[in-house]
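Visitor: So that we are looking at the same thing, I have put the structure below in structure tokens.
The values are calculated or read from the model by the stated rules, or taken from the named source; none is laboratory data. From a predicted model like this one, the values you see are computed outputs, not experimental measurements. Neighbour counts are summed over all protein chains in view; Cβ atoms, including those assigned to glycine, are modelled from backbone coordinates with ideal geometry. Remember, those area values only see protein heavy atoms, side chains included, never the ligands or the DNA or RNA. Shrake-Rupley method; radii C 1.70, N 1.55, O 1.52, S 1.80 Å.
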Amino acid sequence: MFGIDITVLALAALVAVSVAALAYGLLFSRIESEKKTEGRVRKISAAETDHAKLKAARDRVNELSKRRKSVQDSLKELEKKQQERSAKSSPSMKLRLAQANLTISVGRFYAFSALFGVFAFLVVLIMGAGPAIGAGVAVIAGIGVPRWLVGFLIKRRCKKFLEEFPNALEVMIRSIKSGLPLNDSLRLIASDGQEPVKTEFRRVVESQQVGLSVTEACARMVNSIPLPEVNFFAIVIAIQAQAGGNLSEALSNLSRVLRERRKMRSKVSAMSMEAKASACIIGSLPFIVALLVYLTSPAYMMVLFTDPRGHLIIGGGLFWMSVGILVMRNMINFDI
């Protein structure tokens with residue numbers, strides 16, 4: 001009985017295998033056709049997906065190309081305007097007084113300069129020098145000294161501005177990242193910033209109130225603060241207004257560049273300090289020697305001031321001293 005069951009089971013298994021083999025043989029072509037069809041469908045789907053990805057990539061590349069071209073056009077336009085502005089004559093005295101943050105008028109400045117020149121002329125005459133020397137001293141005191149003072153005030157104000165400008169940019173970056181618009185960020189600096197950054201940003205805000213755009217108001221900041229860093233800031237604002245983009249990231253990059261420029265400027269100043277000290281000593285040595293000789297032997301020294309030939313010697317010495325000081329100044333000053 002046990003043997004019969006095994007035989008039946010074996011026959012049943014054999015029949016099942018035979019039927020399966022027959023069915024596979026009959027349906028083999030259809031199965032292969034379905035597999036090929038499924039493979040073609042997958043390839044077509046993958047091709048469509050790749051085509052969509054390729055199209056999206058091409059669209060992104062085209063968009064980036066258009067944006068890059070727009071930025072390049074903006075930079076060319078700004079560079080052209082900057083070159084036209086630089087090609088013009090040197091800034092007027094009215095603009096220089098504004099850069100120095102002086103509230104006096106141009107007429108009053110020239111009046112003070114003339115009075116200072118007359119005062120220097122009288123002082124030289126009282127000391128016993130000739131009219132020629134007095135006239136030279138009057139010209140230097142009336143024309144050179146006031147202009148030098150204005151230039152000194154401009155440089156000092158620009159230096160203070162550079163020290164505070166990166167901090168103001170950091171405040172703007174945080175304000176923009178927190179959701180404030182650019183105008184509110186400018187007003188924040190204008191109200192809570194440090195001088196002279198506070199005054200300049202207040203002028204930008206006031207310019208917007210009279211109808212100027214943010215780009216135009218920032219571009220006018222260069223007139224009162226003649227620094228390349230301010231020009232960089234105006235270019236960033238102009239590009240963002242024309243081409244769009246992440247303003248906070250652009251300002252962050254600008255802030256980092258400004259800090260690196262300040263570090264490099266400090267490093268160069270430290271390295272050239274020895275040369276500047278040597279130049280100061282060499283430049284002041286003739287005057288110190290002349291003063292010591294005058295204190296010890298006044299009659300020996302006064303010949304230079306009373307004799308016409310002494311006047312020529314003093315004039316030639318001052319001329320060559322000026323040439324030497326100018327050469328040393330150009331050797332130890334570096335533009336960054």
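Visitor: Hey, any hits in the stretch 167-176 for a residue that's crowded, with 18+ Cβ neighbours inside 10 Å, in contact (Cβ under 8 Å) with a residue 60 or more places away in the chain and not in a helix (DSSP H, G or I)?
Guide: No - not one qualifying residue is present in the stretch 167-176.
Visitor: Scan the stretch 260-280 for residues that are among the basic types (Lys, Arg) and surrounded by 14 or more Cβ atoms within 10 Å (Cβ to Cβ) and jot them down. Can you show your working first?
Guide: As a first pass, look at the stretch 260-280 and keep what is among the basic types (Lys, Arg): 261-263, 265, 267, 276.
Within the stretch 260-280, Arg261, Arg262, Arg265, Lys276 meet the criteria.
Visitor: Moving to a separate point now. Kindly indicate the residue of the stretch 281-297 that is in contact with a Gly (Cβ under 8 Å, 6 or more places away or on another chain) and not small (Gly, Ala, Ser) and also least open to solvent (accessible area, probe 1.4 Å) among those meeting that condition. Please lay out each step first, then the result.
Guide: Going residue by residue through the stretch 281-297, those that are in contact with a Gly (Cβ under 8 Å, 6 or more places away or on another chain) are 282-283, 286.
Filter once more, so that each one left must be not small (Gly, Ala, Ser): 282, 286.
Working: Ile282: 99, Pro286: 59 Å².
Only one residue tops the list, namely Pro286.
Visitor: With the checklist (1) under 19 Å from the mean Cα position of the chain (by Cα); (2) small (Gly, Ala, Ser); (3) in a loop (DSSP other than H, G, I, E, B) in hand, flag the one item Ser255 doesn't pass.
Guide: (3)
Visitor: Does the stretch 205-239 hold any residues that are free of Cβ contacts under 8 Å to residues at least 12 places away in the same chain and of a type outside the set (A, V, I, L, M), and which are they?
Guide: Those that are free of Cβ contacts under 8 Å to residues at least 12 places away in the same chain and of a type outside the set (A, V, I, L, M): Glu206, Gln209, Gly211, Glu216, Pro228.
Visitor: Ok, one more. Give me a count of the residues in the stretch 195-216 that are in contact with an Asp or Glu (Cβ under 6 Å, 6 or more places away or on another chain) and loosely packed, with under 15 Cβ neighbours inside 10 Å.
Guide: First, the residues of the stretch 195-216 that are in contact with an Asp or Glu (Cβ under 6 Å, 6 or more places away or on another chain): 197.
Still in the list and also loosely packed, with under 15 Cβ neighbours inside 10 Å: none.
Of the residues in the stretch 195-216, 0 are in contact with an Asp or Glu (Cβ under 6 Å, 6 or more places away or on another chain) and loosely packed, with under 15 Cβ neighbours inside 10 Å.
Visitor: Name the pairs: first residue in the stretch 318-333 and at pLDDT 80 or above, second residue open to solvent by 70 Å² or more (accessible area, probe 1.4 Å), Cβ to Cβ under 9 Å, at least 6 apart or on different chains?
Guide: Close Cβ pairs satisfying both conditions: Met321/Phe287; Gly324/Ile282.
Visitor: Only one residue in Gln194, Gln242 is touching a residue at least 12 places away in the same chain (Cβ under 8 Å), more than 21 Å from Arg96 (Cα to Cα) and either assigned to a loop (DSSP other than H, G, I, E, B) or among the aromatic types (Phe, Trp, Tyr) (or both). Which one? Give the steps one after another, and end with the answer.
Guide: Values: Gln242 fails: either assigned to a loop (DSSP other than H, G, I, E, B) or among the aromatic types (Phe, Trp, Tyr) (or both).
The conditions single out Gln194.
Visitor: Determine which single condition Glu170 fails, assuming it passes every other condition in (1) under 18 Å from Ala241 (Cβ atoms); (2) modelled with pLDDT of 85 or more.
Guide: (1)
Visitor: Oh, and also: Tell me, please, whether a residue that is over 25 Å from Ser266 (Cβ atoms) and of a type in the set (A, V, I, L, M, F, W, C) can be found in the stretch 154-175. Reasoning before the result, please.
Guide: Keep residues of the stretch 154-175 that are over 25 Å from Ser266 (Cβ atoms), which gives 174-175.
Right, trim to of a type in the set (A, V, I, L, M, F, W, C) and you get none.
No: zero hits.
Visitor: Quick check, is Val257 under 26 Å from Arg187 (Cβ atoms) and either open to solvent by 40 Å² or more (accessible area, probe 1.4 Å) or modelled with pLDDT of 85 or more (or both)?
Guide: Details: under 26 Å from Arg187 (Cβ atoms): yes; either open to solvent by 40 Å² or more (accessible area, probe 1.4 Å) or modelled with pLDDT of 85 or more (or both): yes.
When the stated conditions are applied, Val257 passes them.
Visitor: If you check Val150, Val123, Val137, which single one turns out to be β-branched (Val, Ile, Thr), in a helix (DSSP H, G or I) and either open to solvent by less than 20 Å² (accessible area, probe 1.4 Å) or in contact with a strand residue (DSSP E or B) (Cβ under 8 Å, 6 or more places away or on another chain) (or both)?
Guide: Result: Val150 is the single residue among Val150, Val123, Val137 that is β-branched (Val, Ile, Thr), in a helix (DSSP H, G or I) and either open to solvent by less than 20 Å² (accessible area, probe 1.4 Å) or in contact with a strand residue (DSSP E or B) (Cβ under 8 Å, 6 or more places away or on another chain) (or both).
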